[in-house]
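I have placed the structure first, in the form of structure tokens, so that the comments after it can refer back to it.
Since every read-out is calculated from the coordinates, none of them should be taken as a lab result. What you are looking at is a predicted structure, and each value in this text was computed from that prediction instead of being measured. Positions of Cβ are backbone-derived with ideal geometry, glycine not excepted, and every protein chain shown enters the neighbour counts.
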Amino acid sequence: MNRLILLLVTTFATVLAAGLWIPLKAIAAQELLELAWAESQARQQETRPWPWADTWPVARLTMPETGQSLIVLDGAHGESLAFGPGQVLGNDDSSGPMVIAGHRDTHFRGLQHLENGSRVRLQSRDGDWRAFRVDRIRIVDSRHEQINTAQLPPDSLLLVTCYPFNGLENDGPLRFVVEAAGETNDTPG
């Protein structure tokens, strides 16, 4: 009987640890990314958050209505997305639309609370802030429609994550897409 209880407790602890691994890694990584972001801004150069990292901070994304402030990483491959949202398209000179992707169950869970008119801000490495207003939220089925950035205004921002937010299926075909139009530069606060 004691062995059965020990087996059940061990199994429960293992399942719990496995389920919490990605969210805990995401939280810890954001702290290391904050330090790398501060150094990137101070030195005005790419700064990797840990020696073996294959990505680095490129921006800070804030969504005041959700209370989120996230460090955005260069690229959006699976390993970097475990640590933070990733910039898929865009560059430092603010020309052309910018696309940022993130996981629905960690960093981009707050997207579900945005509405048309919500404010989003993006800080570049030089400290300048760009303000955006959400003007469209939609669900895209990637089996039938691609997100066409060529049709977007150059001062636009797209935030993309998997959908539905509480879905059990990984890598499903649905994407939650938040489109935001650029406003004039501003400062935080």
Rounded tilt (10° steps) of 2-43 against the dominant C-alpha axis of the chain: 20
Sequence of 40, 142 once ranked by neighbouring C-beta atoms within 10 Å, starting from the fewest: 142, 40
Computed helical MRE - 222 nm, the chain, DSSP H runs ≥ 4 contributing -39500 (n - 2.57), nearest 500: -8500 deg cm²/dmol
Residue-by-residue Karplus 3J(HN,Hα) for segment 136-150, coefficients 6.51, -1.76, 1.60, Hz, glycine and proline x: 6, 10, 8, 9, 10, 8, 5, 6, 10, 8, 9, 7, 9, 6, 5
Dipole of segment 2-182, positive end: most advanced residue of 40, 137, 182 [Cβ charges, Cα centre]: 137
By average C-beta atoms within 10 angstrom, highest first, the peptides 116-124, 44-52, 146-154: 116-124, 44-52, 146-154
Ratio Rg/Rh, restricted to the chain and using Cα atoms, in which Rh is the Kirkwood radius: 1.04
Pairwise label distance in nanometres, residue 46 with residue 148, each label 7 Å out on the Cα-Cβ vector: 3.2
Given charges at beta-carbon only (K, R positive; D, E negative), |dipole| of segment 2-182 in Debye: 440
